[in-house]
Amino acid sequence: GVAQTISCSLAGLGSAADVKWIDPDDKEISTSDTTNYIVDDGKNGYSGSDGSQTTKLTLKSTKTDISSATTYKCAITPLQFSGTEAFKENVVVTPIVVTAGSKEVLSGTDAVVISCKVTGLTVKLQTVQWKNSAGADVKDLPDYNVAEGQFGSGTQTTTLTVAKAQTTADADYNCLITPTAPDDTTVITTTVSLNVFTITPHNRGIKTGVAQTISCS
């Protein structure tokens, strides 16, 4: 559901290469298909000094609604070999799923933990940030503690601990994660709710022998 860019980097070229992208159905992606993709052949960034070129394919949000790993191919034909079979490299796109660990707690509860569980990762989360509903980074606020969690088996869980749940802490918090390589600035934002409730007893005197109702709100 989030637009994402994948790439192939070429090195040691004598001249800029001709690059095409192939979709999971083994069909060439047209540069005119701007509804689903943006193709950058990388020729504008070709460096004659070291012979490097990076081609990028941006998958728009319409193409990232996937449930399992999907493979695209970048087909590279160095111009000096024009007309021959292109070299094809697989680029695997793995879906990342974020699960919000929201909670409902009684006011006054100590050390309440809410969480974001991220699965489908190939590398440890690059950055993790928690913000409150006002957009402030909670690590700069008192009574909050952020733990990024340990990465393992393609899963990492980041947690936000609230020292004491007061009604003022009742809010939607945003877990912001950057899941892939350091040069990828994609940020996934997930809303995690902390609902703090109170119980009010309604005490009253009663007359002996008369039916009476008492309550808690």
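Backbone geometry of the stretch 124-141 corresponds, through the Karplus equation with coefficients 6.51, -1.76 and 1.60 at θ = phi - 60°, to 3J(HN,Hα) couplings of 4, 3, 6, 9, 10, 9, 10, 10, 7, 5, 8, x, 7, 5, 5, 5, 8, 10 Hz, x marking Gly and Pro.
3J(HN,Hα) along the stretch 198-203: 10, 10, 10, x, 9, 7 Hz, from the Karplus curve 6.51 cos²θ - 1.76 cosθ + 1.60 with θ = phi - 60°, whole Hz, x for Gly and Pro.
Solvent-accessible area of the chain (1.4 angstrom probe, protein heavy atoms only): carbon and sulfur portion equals 49 percent.
Accessible area per residue for the chain, computed on protein heavy atoms with a 1.4 Å probe, is 58 Å².
Using modelled backbone amide H atoms (1.01 Å from N, in-plane), which distant-in-sequence or interchain residues come within less than 5 Å of ASN195's amide H? For ASN195, the qualifying residues are LYS103, GLU104, VAL105.
Close amide H partners of GLN126, meaning residues 5 or more places away or on another chain with modelled amide H under 5 Å apart, are THR178, THR180.
Candidate cross-link partners of LYS43 among the lysines, defined by an alpha-carbon separation under 25 Å and a same-chain spacing of 8 or more, comprise LYS20, LYS27, LYS56, LYS60, LYS63, LYS73, LYS88.
Shown is the FRET efficiency for HIS202 and LYS164, computed with R0 = 25 Å from the Cβ-Cβ distance and rounded to the nearest 0.05: 0.50.
For the chain, CYS216 stand unpaired, since no other cysteine beta carbon lies under 4.7 Å from theirs. Each residue of the stretch 30-35 was assigned a 3J(HN,Hα) from its phi angle through the Karplus curve 6.51 cos²θ - 1.76 cosθ + 1.60 (θ = phi - 60°); the sequence is 6, 5, 8, 7, 7, 6 Hz, with glycine and proline shown as x. Of LYS63, LYS124, LYS207, the residue with the greatest mean-square motion in the GNM of the chain, using alpha carbon springs below 10 Å, is LYS207.
The values are calculated or read from the model by the stated rules, or taken from the named source; none is laboratory data. Fair warning: this is a prediction, and the values are worked out from it, not measured in the lab. We place every Cβ from the backbone using ideal geometry, glycine too, and count neighbours over all the protein chains shown. Surface accessibility is based on the protein's heavy atoms, side chains included, excluding ligands, DNA and RNA. Shrake-Rupley method; radii C 1.70, N 1.55, O 1.52, S 1.80 Å.
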